[in-house]
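Novice: Before I ask anything, here is the structure I am working with.
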Amino acid sequence: MNVILQVSTGLFHHCTEPDPEAVRKRLEALCDRLPVRGIIYGWGKRTGLYETILETAHRYGAEAWMWLPVFADVRAPEAAEPMISFGSASERGIAACPGEEFRFICPGSRRNLDALIETYEKWTAGCEPDGVFLDRIRYPSAVYSPTDFLGCGCEACRARLQQAGIDPQRLQARMARKKGLDSCLPDRMENGRYHYPDPDLEGLAQMKRSIITDSVGEYSQTFHKKGIKVGIDVFAPALADLVGQDLAALLPLTDLVKPMMYFRTLAPAGIPYELEAYGQPLAKRLAALWGTEIGEDASMERQLRSLGDSQGKICPGIEINRIPGICEPDGKGFRQAFRAAEATGCDTMVLSWNVMKAREEELREIEF
Ligand SMILES: [Zn+2]
């Protein structure tokens, strides 16, 4: 099993400014010991840091992947077209909102799509990576508001819904009438895609998928032309379709797909956390459709198998960093995850999402 290391250098608006020397030492220590195939790094920037990471990766024969967010925490939010929630401002999900830079922008906006390319050019000038690793290329889940499940309610997105025969007001009324997401339960699953008995919800799911798939397709074309590989950070297979990530369609478009198999994270993208935000009825429905509790490690193999042949592209991500109260990895989890990945034919795992915050004792658990 090979590994890819993920190094968080902070967000755009909250750069953690790790010391380049400390990053180099940690990366070297891991590259000396493990079969490291790549290093994903980003997106807060500090002079000299990217150069140090790129040089270290190449010295060990590993690929360097620039990590960039697409539809949340963008570099210039003031210039972006925001995502307009269908819900009211008072409606809250389970995430703590104040001070968090996790506001989504409209995934259907041309301007927002182009902004990523501008950010890439600016951020990698003079330090071009081997690949770009796209994060937050999705719709919001329910963690900030259950109504976010309906996607973007901006004028253009509403018009798009109407053209597809979906009445945004009917969707909104549906959420308000019954108990929110409890009225949005899929009744079957095919190829990782959820299907809904309600035609509005079915059409909405299709639209979310096609907008995200088209965005990934467009970026793949653009970056492949430059000779740059494209990777994507995606939700675990059982949660991906709910945020518009159609993994079966995305796999052929990209060079690396990292499902976030975060069973121990109580923050966005963490499986137990996301399930809590969707609520019991939806969580139970997903368990019934998958035939297993998707919030438990034991479901990892089944979730990965649903993606079919890995084609050398599926590299499951497991948490390695320790953030008290939010993310507490353990050796049992690592071993279980490695076994599940191996059993499904994956040859690489991503040690997520920040090796700088991993403790030595946990890193020692990773052996080959
Ligand atoms: Zn919109």
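The values are calculated or read from the model by the stated rules, or taken from the named source; none is laboratory data. Being a predicted model, the structure only gives us computed values, none of them experimental. Here Cβ is always computed from backbone atoms with ideal geometry, including for glycine, and neighbour counts include all displayed protein chains.
Novice: Assess whether SER215 counts as being surrounded by 20 or more Cβ atoms within 10 Å (Cβ to Cβ) and part of a helix (DSSP H, G or I).
Specialist: yes
Novice: If you don't mind, another one. From (1) farther than 21 Å from GLY93 by Cα; (2) in contact (Cβ under 8 Å) with a residue 60 or more places away in the chain; (3) buried (at least 22 other Cβ atoms within 10 Å of the Cβ), pick out the condition that doesn't hold for PRO259.
Specialist: Status for PRO259: all satisfied but (2).
Novice: Give the residue that is surrounded by the most Cβ atoms within 10 Å (Cβ to Cβ), with candidates limited to residues of region 15-48 that are in contact (Cβ under 8 Å) with a residue 12 or more places away in the chain and closer than 20 Å to GLU118 by Cα.
Specialist: If we take residues in region 15-48 being in contact (Cβ under 8 Å) with a residue 12 or more places away in the chain and closer than 20 Å to GLU118 by Cα, then ILE40 is surrounded by the most Cβ atoms within 10 Å (Cβ to Cβ).
Novice: Can you give me the number of residues within region 268-292 that are on the phi > 0 side of the Ramachandran plot and in contact with a strand residue (DSSP E or B) (Cβ under 9 Å, 6 or more places away or on another chain)?
Specialist: So the answer is 1.
Novice: What is the number of the single condition among (1) modelled with pLDDT of 95 or more; (2) more than 24 Å from THR222 (Cα to Cα); (3) of a type outside the set (A, V, I, L, M); (4) crowded, with 20+ Cβ neighbours inside 10 Å that TRP65 does not meet?
Specialist: For TRP65, the failing item is (2).
Novice: Tell me which of these CYS157 doesn't satisfy, since it passes every other one: (1) in contact with a helix residue (DSSP H, G or I) (Cβ under 7 Å, 6 or more places away or on another chain); (2) assigned to a helix (DSSP H, G or I); (3) buried (at least 21 other Cβ atoms within 10 Å of the Cβ).
Specialist: (1)
Novice: Just to check your reading of the model, which residue among ARG170, ARG174, ARG111, ARG136 is touching a helix residue (DSSP H, G or I) at 6+ places or on another chain (Cβ under 8 Å), modelled with pLDDT of 95 or more and among the basic types (Lys, Arg)? I'd like the intermediate steps shown before the answer.
Specialist: Values: ARG170 fails: modelled with pLDDT of 95 or more; ARG174 fails: modelled with pLDDT of 95 or more; ARG136 fails: touching a helix residue (DSSP H, G or I) at 6+ places or on another chain (Cβ under 8 Å).
Being touching a helix residue (DSSP H, G or I) at 6+ places or on another chain (Cβ under 8 Å), modelled with pLDDT of 95 or more and among the basic types (Lys, Arg) holds for just one of ARG170, ARG174, ARG111, ARG136, which is ARG111.
Novice: Continuing with this model, one more query. Does region 224-250 hold any residues that are out of contact with any helix residue (DSSP H, G or I) (no Cβ under 9 Å at 6 or more places or on another chain) and surrounded by fewer than 20 Cβ atoms within 10 Å (Cβ to Cβ), and which are they?
Specialist: Selection gives HIS224, LYS225, LYS226, GLY227, ALA248.
Novice: Only one of these is assigned to a loop (DSSP other than H, G, I, E, B), closer than 26 Å to CYS157 by Cα and aliphatic (A, V, I, L, M): ALA269, ALA277. Name it.
Specialist: Residue meeting the stated conditions: ALA269.
Novice: Inside region 119-174, can you point out the residues that are touching a Gly at 6+ places or on another chain (Cβ under 7 Å), of a type in the set (Phe, Trp, Tyr) and either within 15 Å of the ligand (Cβ to nearest atom) or in contact (Cβ under 8 Å) with a residue 60 or more places away in the chain (or both)?
Specialist: PHE133, TYR139
Novice: Related question: Any residue in region 340-351 that is part of a strand (DSSP E or B), surrounded by fewer than 24 Cβ atoms within 10 Å (Cβ to Cβ), at pLDDT 95 or above and among the hydroxyl-bearing types (Ser, Thr, Tyr)?
Specialist: Yes - at least one qualifying residue is present in region 340-351.
Novice: If I go through region 81-108 residue by residue, how many of them are surrounded by fewer than 20 Cβ atoms within 10 Å (Cβ to Cβ), at pLDDT 95 or above and either under 19 Å from LEU171 (Cα atoms) or not charged (D, E, K, R) (or both)?
Specialist: Selection size over region 81-108: 0.
Novice: Consider ALA142 against the criteria (1) outside any helix (DSSP H, G or I); (2) farther than 24 Å from VAL257 by Cβ: it satisfies all of them except one. Which criterion is unmet?
Specialist: Failing condition for ALA142: (2).
Residues checked against (1) of a type in the set (A, V, I, L, M, F, W, C); (2) assigned to a strand (DSSP E or B):
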{"residue": "THR9", "(1), (2)": "no, yes"}
{"residue": "CYS15", "(1), (2)": "yes, no"}
{"residue": "ARG26", "(1), (2)": "no, no"}
{"residue": "ALA29", "(1), (2)": "yes, no"}
{"residue": "ASP32", "(1), (2)": "no, no"}
{"residue": "GLY42", "(1), (2)": "no, yes"}
{"residue": "HIS58", "(1), (2)": "no, no"}
